[in-house]
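Step one of this worksheet: look at the structure below.
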Amino acid sequence: MNRLIFSLLLAAAMGACSSTPPLLGPAAADLAAAKALAATAPPEGEPVASWLKTERERIKSEHEAADQHFDQAEKVCWRRFAVNDCVREARMQRRATLSRLRQEDLALNEVERQRLTATRMQELEQKKQDAADKNAAP
């Protein structure tokens, strides 16, 4: 009887460990920010290249600003008594910012990929239609 209970508890524990946890905290916020950014893309059919360029430049400048902020914070940390905690906190802040920027960059890539795919599909449909018209018109 004890083995049965132990086996059931073990199976339940293993099942709980194997499931993927839901997104919590900053990861969910980063993903939400990326989705919000993708939602600001120009409507389908309008050129997206200038919007992508502007957003990528913004992400690049924010990335550089995060690196500069970290460098400044690290210099300040070296003047403190508790250097390790201060540097760890500065790294966590930089990592959080870079994570959000990475998610936004991935969202931009997804928008670009979807637009290119849609354009290519239209080209293929047009080519298919032209071939059908050419074969039907002798």
Is it the case that Ser50 is in a helix (DSSP H, G or I) and at pLDDT 95 or above? no
Could you grab me the full set of residues in the range 57-85 that are among the small types (Gly, Ala, Ser) and more than 27 Å from the chain's Cα centre (by Cα)? Ala82
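Okay, residues lined up against (1) loosely packed, with under 12 Cβ neighbours inside 10 Å; (2) out of contact with any Leu (no Cβ under 6 Å at 6 or more places or on another chain); (3) modelled with pLDDT of 90 or more:
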| site | (1), (2), (3) |
| --- | --- |
| Ser19 | yes, yes, no |
| Ala27 | no, yes, no |
| Ala41 | no, yes, no |
| Glu57 | yes, yes, yes |
Considering Arg100, Arg120, which residue is without any contact (Cβ under 8 Å) to a residue 60 or more places away in the chain, in a helix (DSSP H, G or I) and either of a type in the set (Lys, Arg) or surrounded by 11 or more Cβ atoms within 10 Å (Cβ to Cβ) (or both)? Arg120
Where a residue in the range 77-89 is over 19 Å from Ala66 (Cα atoms) and its partner, wherever it lies, is assigned to a helix (DSSP H, G or I), with Cβ under 6 Å and at least six apart: Arg80/Cys86; Val83/Cys77
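The values are calculated or read from the model by the stated rules, or taken from the named source; none is laboratory data. All values derive from a computational prediction rather than experimental measurement. Methodologically, a virtual Cβ is constructed for each residue, glycine included, from the backbone with ideal geometry; neighbour enumeration extends over all protein chains shown.
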